[in-house]
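Everything on this sheet refers to the single structure shown next.
Just so it is clear, none of the values below were taken in a lab; they were calculated from the coordinates. Since this is a predicted model, take the numbers as computed values, not measurements.
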Amino acid sequence: MKFRIWFFFAILIFCSVSGMLATMIMPGQDRNIRLALAGGDALMLSAAFLTLWRQRRFYGVWAFLVFLFFSMLTFLYTSERFGLLEHLNGLRDSLFFFASLIVVYDLYHSEYRALLVRRFTQFVVVFALAQIPVTVFQFIKFGAGDGVGGTYGIAGGSGYITQLLFIICFFLAVRFASLEDGSSFSLRKLPFLLVILVPCAINETKISFVLLAVFFLLVAGSRRRILRTLPLLVLGGALVYLFNTFYSQTVEDTRNILDLDFIERYLVTNATMTGGDMPRFQRLVVMFEMMGDDVGSILLGMGYGVVGGGNVLGVSRLGRALYYIVTGSRILLFRAWIQGGLLAVLTLGFAMFAWMRTRASLYPTMRKLYWFLAFSIFIVWFYNEAMLDRTFALVTSFIMVWTSEGGMVEDPEDLPETEAEEASPDAEA
């Protein structure tokens, strides 16, 4: 089991830097890096399959098996369009998320849970801090935009790294900046953690403003310590001001973001559909127009081979025909539905939110992470495909499991006496 923990982190570390390797350090080795990622996918899936029986009571296992069954029906329904390799290639991003969830759950419930939590915490600290110099370099060289993706590289990923850093910051705030009774966050410790959000201020991701507002509303909200919320709200207001000023100077006037015409062009419709990326929600409209009254396509999708290819395998014929709709700024709802239909959307949605049924007793700051994580996962459905990204899936899966289990840090007997007292159930508020 201990070997499997190191195996898990080896895959996580490679996935977290693969984008930077492929676009900045070794751009000529892009194909080989993608092949290595495909190998990592196969290893993660193998590890998940090996734990299916042992963790058969876990909801993630049943969701995984149901998703596989529905994907088989999709393949049978679309077999005239795609071969087996095209189907599997389009399927593996979704399967990696399920594998991440199952493997993390299995490792977390092993005798090495304490080691897993410590190493994961160390990883996210190093990962978050590493983004600062990398994004500063990218910003100086390329300016604000998709090129500021941190270790995701310069070919997109700015949205992924922004969402991930906010989740990591909240996770670390709960672990290291909670007051002793867990009722609120320490004003003395929290500012040091906010440093890791610096990359979110120097890329052009508009979602930063939404996440920052929700972040501080949750962090500052406390019915028991009203006086403590005021300094935190002031700190949050200062950060919003800095984000707004920097964005306005480097990208555009933020007042344009609130303009209804801009919002419609950005998210909903683009009458010309030329000279740029198709808006996120317009893809859904076009997709449903293509499906028409075909109940089979609505339920089972148009096939997993419609998205993917071009790097290791060739692009499918239908994928080339639908290039204008399946490339660019896709959202998870579109990707899941066009590939696997409504059944895939429901299964993925269940797997992504079932952890919220936790019966664990969550102290107040932990409960705030619970809601922030749920909100962050929810907006993925309508903003991008972050959950199908390997690094995002691995990190988020861990925090989902950790939160649903009540945020237990380590086994009390593995800690020094003072830390053991803080980690014991009696110390929770």
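Taking 0.36 nm per residue of separation and subtracting the Cα-Cα distance, full extension of the segment from Asn32 to Asp181 would add 48.6 nm.
Summarised as an ellipsoid, segment 43-116 has semi-axes of 29, 12, 8 Å, derived from the eigenvalues of the Cα gyration tensor scaled by 5 and square-rooted, with the largest first.
Value of Rg to Rh for segment 1-158, rounded to two decimals, is 1.03; Kirkwood radius and Rg both from alpha-carbon coordinates. Kirkwood radius and radius of gyration were both taken over the C-alpha atoms of segment 77-205, and their ratio Rg/Rh is 1.09.
For segment 336-413, the share of alpha carbon pairs falling in successive 5 Å distance bins from zero is 3, 14, 23, 24, 16, 11, 5, 3, 1, 0 percent.
The separation of segment 318-364 from segment 110-158, counted between C-alpha centres, amounts to 24 Å.
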